[in-house]
1. Within the stretch 50-81, which residues are part of a strand (DSSP E or B) and in contact with a Ser or Thr (Cβ under 6 Å, 6 or more places away or on another chain)?
2. Would you confirm whether any residue within the stretch 26-38 is part of a strand (DSSP E or B), among the aliphatic types (A, V, I, L, M) and either surrounded by fewer than 12 Cβ atoms within 10 Å (Cβ to Cβ) or within 14 Å of the chain's Cα centre (by Cα) (or both)?
3. Looking only at the stretch 1-13, count every residue that is surrounded by 17 or more Cβ atoms within 10 Å (Cβ to Cβ) and modelled with pLDDT of 95 or more and tell me the total.
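The values are calculated or read from the model by the stated rules, or taken from the named source; none is laboratory data. Computed from a prediction, not measured in an experiment: that's the story for all the values here. Please note: Cβ atoms are built from the backbone with ideal geometry, for glycine as well, and neighbour counts cover all protein chains shown.
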Amino acid sequence: MLRVQKQELDGALICRLEGRFTGEGAEEVRTLVTRCDSKLELVVDLTDVMFIDAIGEEVLLFVKRLGAQFVAETSYSRDVCERLQLPLIRTQKRNAHLSSDSDGNGHRPRR
């Protein structure tokens, strides 16, 4: 099963995918992306994807050619992005965590 959440934020269309990115669900995402406003930056969050089949990979490569950037916060999603050479972006969550809990070098300050 695949769940897709769309959100427009700061001139970007963010598509969060969750579950199995396969077959018919992947093709529906391709259709969804091609019907969206082309002026918006496209960001695809793969963090909660558990499995991607050959059709899903084909759709991700198609979305990459449209100029999408990707978010991958798990080892599986990062592996897929690396293997398919999908461009990753840094997330605010990771940056906020580093700035609030560390000295900028990944070390927590002594108290």
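1. Answer for the stretch 50-81, where residues must be part of a strand (DSSP E or B) and in contact with a Ser or Thr (Cβ under 6 Å, 6 or more places away or on another chain): just Val71.
2. no
3. Adding up the residues that qualify gives 1.
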